[in-house]
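Below is one structure, written out as structure tokens, with a few remarks after it.
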Amino acid sequence: VAAAEFYRGSIPRQFVFAAIFGLLCLSLSTNSIRLFVNLLTCYIGKISFSIYLFHFWAANLVHQYIEPSFSHLNSSFASGIFYVCTTTIAILIASVTYKLIEKPGQRVGRLIIEKLDNRSRHRKSGSVLSRSEITKTSAGQVIPNDGSFQRTPSASSET
């Protein structure tokens, strides 16, 4: 029924394509189809942010330097060549920037998070306390507010 409505034009094509894409996503969430889940697509997924950042630049490079050499061809064929060249250059640039910028940046980010996490654990262990984390007793004792203080017998009560 939906296919017949699509051909008559009553259902906009973008809704049909969105439904097909949604069904594909649902299918991939339960079963991995080798055509869509393989080493190449996983690698492209890994570098996809760099591809996103550099694809316009790659398209501009192809438009300026490569497209003049095939612009005399059939427009559909020329568009296909433009797309393949742009995609290839974007993947090459993204691979380099992923290895030289993203991976080291991720490593630095992990180190910063670990240091902050260690400082937080160190602080919670009681070795470094801020003013809001301590209380002074009437006897002048300083105790942490986290409940970790255990009252020990004083020297005067032992005698």
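Each reported figure results from applying straightforward, stated rules to the coordinates on display, with no laboratory input. Bear in mind the structure is a predicted one, so any value in this text is a computation, not a measurement. With ideal geometry, Cβ positions are generated from the backbone for all residues, glycine too; neighbour counts draw on all protein chains shown.
For a Förster distance of 30 Å, can you work out the FRET efficiency between the beta-carbons of A78 and F56, rounded to the nearest 0.05? Present the calculation step by step, with values, prior to reporting the outcome.
Details: r = 19 Å, r/R0 = 0.64.
Calculated transfer efficiency: 0.95.
What is the distance, in nm, between label points placed 7 Å from the Cα along the Cα-to-Cβ direction at I113 and at Y43?
For I113 paired with Y43, the spin-label model returns 2.6 nm.
Label S32 and S120 with points 7 Å out from Cα along Cα→Cβ: what is the distance between them in nm?
3.1
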